[in-house]
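Read the figures in this text as sums done on the coordinates, not as results from a lab. Model, not experiment: these values are computed from the prediction. Here the Cβ positions follow ideal geometry from the backbone for every residue, glycine too, while neighbour counts run over all protein chains shown.
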Amino acid sequence: MVLQNVLFVDTDVLIGILHENIDSVDLSSIFSQYDQIATTSANVYELYFGFYQLEYSKQKVAQEKLKHERQALNNLVQNLKVYNMTSQTAIKSAEIYHQLVSQGKKIENFDCIIASIILKSSYRDLLTGNINHFKRIKGLNLLTLP
């Protein structure tokens, strides 16, 4: 089966889903337009980075809360198609970064990695609350929640 429409979901939206800060009707109306909901291995890293930052912080967090957070995070990631970084996406990411920096446009490395994985996948749609992070990268179709 060839997928016609794949929607990539950025870390900020995934966090909103985890914390139930996003209107489920808005989310459903967007998701229903796609054959597959996906993310990148870089987004998965960012999600788990935040989780482990919480788990290992000096401020103690209740074990029950950590258990709940880990289970919710694992369930979310298991329900997404995760596109991985390859040597080709690494090269594209470095190119995107230096193209933008040479034009005086600051960008985070992880945003370049996320964009390169999406662009190399042949799909273009990215649902993000951080439009400003990605709008300078050519080839992406950026969507945001209402």
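Looking only at the stretch 14-33, count how many residues are under 16 Å from the mean Cα position of the chain (by Cα) and surrounded by 12 or more Cβ atoms within 10 Å (Cβ to Cβ).
Adding up the residues that qualify gives 9.
When only residues in the stretch 94-144 that are small (Gly, Ala, Ser) and more than 26 Å from residue 35 (Cα to Cα) count, which is surrounded by the most Cβ atoms within 10 Å (Cβ to Cβ)?
94
May I ask you to list the residues in the stretch 89-146 that are of a type in the set (Gly, Ala, Ser) and part of a helix (DSSP H, G or I)? Steps first, answer last, please.
Here is the first cut: in the stretch 89-146, the residues of a type in the set (Gly, Ala, Ser) are 90, 93-94, 102, 104, 115-116, 121-122, 129, 139.
If the condition is that a residue be of a type in the set (Gly, Ala, Ser) and part of a helix (DSSP H, G or I), then 90, 93, 94, 102, 115, 116 are the ones that fit.
Looking at (1) in contact (Cβ under 8 Å) with a residue 60 or more places away in the chain; (2) surrounded by fewer than 12 Cβ atoms within 10 Å (Cβ to Cβ), find the lone condition where residue 81 falls short.
Of (1) in contact (Cβ under 8 Å) with a residue 60 or more places away in the chain; (2) surrounded by fewer than 12 Cβ atoms within 10 Å (Cβ to Cβ), only one is false for residue 81: (2).
Condition test on residue 46, is it surrounded by 12 or more Cβ atoms within 10 Å (Cβ to Cβ) and either part of a helix (DSSP H, G or I) or not small (Gly, Ala, Ser) (or both)?
So residue 46 passes the test.
Checking residue 85 against (1) closer than 13 Å to residue 117 by Cα; (2) part of a helix (DSSP H, G or I), which single condition isn't satisfied?
Failing condition for residue 85: (2).
Being without any contact (Cβ under 8 Å) to a residue 40 or more places away in the chain and either acidic (Asp, Glu) or more than 25 Å from residue 140 (Cα to Cα) (or both) narrows it down to one of 65, 106, 92, 120, so name that one. Steps first, please.
Values: 106 fails: either acidic (Asp, Glu) or more than 25 Å from residue 140 (Cα to Cα) (or both); 92 fails: either acidic (Asp, Glu) or more than 25 Å from residue 140 (Cα to Cα) (or both); 120 fails: either acidic (Asp, Glu) or more than 25 Å from residue 140 (Cα to Cα) (or both).
Unique residue meeting the criteria: 65.
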